[in-house]
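To keep things clear, I will list the structure first and then write my remarks on it.
The values are calculated or read from the model by the stated rules, or taken from the named source; none is laboratory data. None of these values were measured; they are calculated from a predicted model. Backbone-built Cβ (ideal geometry, glycine too); neighbour counts: all protein chains shown.
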There are 2 protein chains.
Amino acid sequence: MSLDDASQKPHDRLAAVLAGDMGRVNDLIRTRMASEHAPRIPEVTAHLVEAGGKRLRPMLTLAAARMCGYEGDNHVKLAATVEFIHTATLLHDDVVDESGQRRGRPTANLLWDNKSSVLVGDYLFARSFQLMVETDSLRVMDILANASAVIAEGEVLQMTAAQDLATTEEIYLQVIRGKTAALFAAACEVGGVVARAEEAQVQALRDYGDALGISFQIVDDLLDYGGDSSATGKNVGDDFRERKLTMPVIKAVAAADAEQRAFWRRVIEKGDQNDGDLDHALALISHHGTMEATRQQALVWADRAKSALATLPESDIRGMLTDLADYVVARVR
Amino acid sequence: MSLDDASQKPHDRLAAVLAGDMGRVNDLIRTRMASEHAPRIPEVTAHLVEAGGKRLRPMLTLAAARMCGYEGDNHVKLAATVEFIHTATLLHDDVVDESGQRRGRPTANLLWDNKSSVLVGDYLFARSFQLMVETDSLRVMDILANASAVIAEGEVLQMTAAQDLATTEEIYLQVIRGKTAALFAAACEVGGVVARAEEAQVQALRDYGDALGISFQIVDDLLDYGGDSSATGKNVGDDFRERKLTMPVIKAVAAADAEQRAFWRRVIEKGDQNDGDLDHALALISHHGTMEATRQQALVWADRAKSALATLPESDIRGMLTDLADYVVARVR
């Protein structure tokens, strides 16, 4: 299959174009997750890092740097940094969510224990930090430090907003901006910074990552009420069981009559869930058409992502990033 | 009481000399632990930060910078950075240890939940990272990034070494170097770096912090078998119940006869602990004189800390840091 075969998924086409860089990122990840003194660390991280995630975030860094004509080595370090931050947050998320499955495999906290997930996550954060220091760029560190703070804040906000029917779409947007879009945005931005791109281009890359991340997370949350676990590695209804307020539910609650509100209060606020409740929730979501309304929101953000790219010079990679924004939403159908 | 009253505890004398700087550190900590979007964050951190820890680590940074003649502002940021890293590790430690008490108060994971401790800890790490970026010093970031990695590695090593009677004093030293001495050493070192002290002095500060931290942790572990909870905020026997191999036990296991080994295997390896087992452990520790042998080791490290200081010019603060090394061990009697 040729590289420019448009029928290929856009992240597969990106992966093909960036294969050389990506191989170096994977080597670096493998080297840096080792620990001389604590063999538990590579056990846990290998389980997660080798689990075959799409490596979307490091790919964004590589793509951004290449698109801006970068020829050095630091983009590889930054891509690995971004993936370490992502992996660390996954480990901590699984503890927080008490999850049993991630990407279709048992989670680390289930295979080892919560302690290992917490401490190995901390180790990966520290390793990411060491890697970015090696790039000698204070600006890159500033971007990634800020992203780390926004991610952590988003996670705390998500935790306190869970079980709260008063959660608005505005709060939801703040949560997903933190937990997902902040790292997408930083991943793109540092690619531009390391390539010393013009300020307007750096900002455009950041805006692209932000909008792509928001669109991506809206669709992820949508799939939680309508995807199948073979495609997403998640089980339908995970968010429902964890009583998270995501867009399809927030919209359904806003449109609810008194009886429906009582239902949401029982299952989300009180956490009193019985057999058939997920089906009833799905029926309410379908009744109010909130899946489609949510998908429309994801499309709006995908369009914003594509508009941001217009600032950047035309190139093969730019075309693939544009297609990626479409593909992120197309996962729903 | 005058500042040079030698009868005062050395950290109180340091606190008095550094009171102005320390006030600014406390203000900065309060400002930076706020979160506009997630009020849970300041609730949790205030509980811990206001709990009246001795602020030993930030004081080391301030003392080191002042001792090297520093006149700027960055030492205040670095001191707050160091305290944030420390507080973050405490939050995660309490999750890992399933602790119920810290500094004589209920732990955050008990008052809120494990989720809050994990995520707020992550937030503090990110905040510490933002603060240190503001100092514009790549070298400082390198030191603190390396310290963070060594801390996390030490924590993982401690976890995997727990319950393992084969743990040697060498492994124990590695663990406490990671979990305690790494941050003491970095706290002192960055104080010298920010003051642009000569390389030999920076190294001396680092060596002082490393040796002081090791001495401090050995004594802490000793107090776990012989202190009282009003002095330490810990309960006697916490490490025993958590099946941690610390120096008094490692030495007692090394000296054990067959019957005693069977006891240690049951209580530490199998975790089969009954009423009276802690008393029996204390009796074995006393029988083999391992409390005193452990105290001797702490004294050796305190001496190393004091020798390291000899490289630095004589000053009031140097005198207090010397006394501090003595005081750390004197806590035992």
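Which numbered condition in (1) more than 9 Å from chain A (Cβ to nearest Cβ); (2) more than 15 Å from the chain's Cα centre (by Cα); (3) part of a helix (DSSP H, G or I); (4) not charged (D, E, K, R) is the only one that residue B:176 fails?
Single failed check for residue B:176: (2).
Just the residues that are in contact with a helix residue (DSSP H, G or I) (Cβ under 9 Å, 6 or more places away or on another chain) and assigned to a loop (DSSP other than H, G, I, E, B), please, taken from segment A:232-270.
Within segment A:232-270, A:234, A:235, A:236, A:237, A:242, A:243, A:244, A:245, A:246, A:255, A:256 meet the criteria.
For segment A:308-331, name all the residues that are among the hydrophobic types (A, V, I, L, M, F, W, C), touching a residue at least 12 places away in the same chain (Cβ under 8 Å) and under 18 Å from residue A:217 (Cα atoms).
Once the filter is applied, which keeps residues that are among the hydrophobic types (A, V, I, L, M, F, W, C), touching a residue at least 12 places away in the same chain (Cβ under 8 Å) and under 18 Å from residue A:217 (Cα atoms), segment A:308-331 yields A:321, A:324, A:325, A:328, A:329.
Kindly evaluate residue B:271 against the criterion of being surrounded by fewer than 15 Cβ atoms within 10 Å (Cβ to Cβ) and closer than 25 Å to residue B:179 by Cβ.
Criteria met by residue B:271.
Out of segment A:115-167, which residues are within 7 Å of another protein chain (Cβ to nearest Cβ) and at positive phi?
Matches in segment A:115-167: A:136 only.
For every residue, the table says whether it meets (1) within 21 Å of residue B:216 (Cβ to Cβ); (2) touching a His at 6+ places or on another chain (Cβ under 7 Å).
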| position | (1), (2) |
| --- | --- |
| B:124 | no, no |
| B:127 | no, no |
| B:134 | no, no |
| B:150 | yes, no |
| B:165 | no, no |
| B:176 | yes, no |
| B:182 | yes, no |
| B:188 | yes, no |
| B:194 | no, yes |
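With the condition kept exactly as written, say whether any residue in segment A:259-275 is among the small types (Gly, Ala, Ser), at pLDDT below 95 and closer than 16 Å to residue A:165 by Cα.
yes
When you go through (1) within 30 Å of residue A:235 (Cβ to Cβ); (2) modelled with pLDDT of 90 or more; (3) among the acidic types (Asp, Glu) one by one for residue A:97, which number turns out not to apply?
(2) is the only condition that residue A:97 fails.
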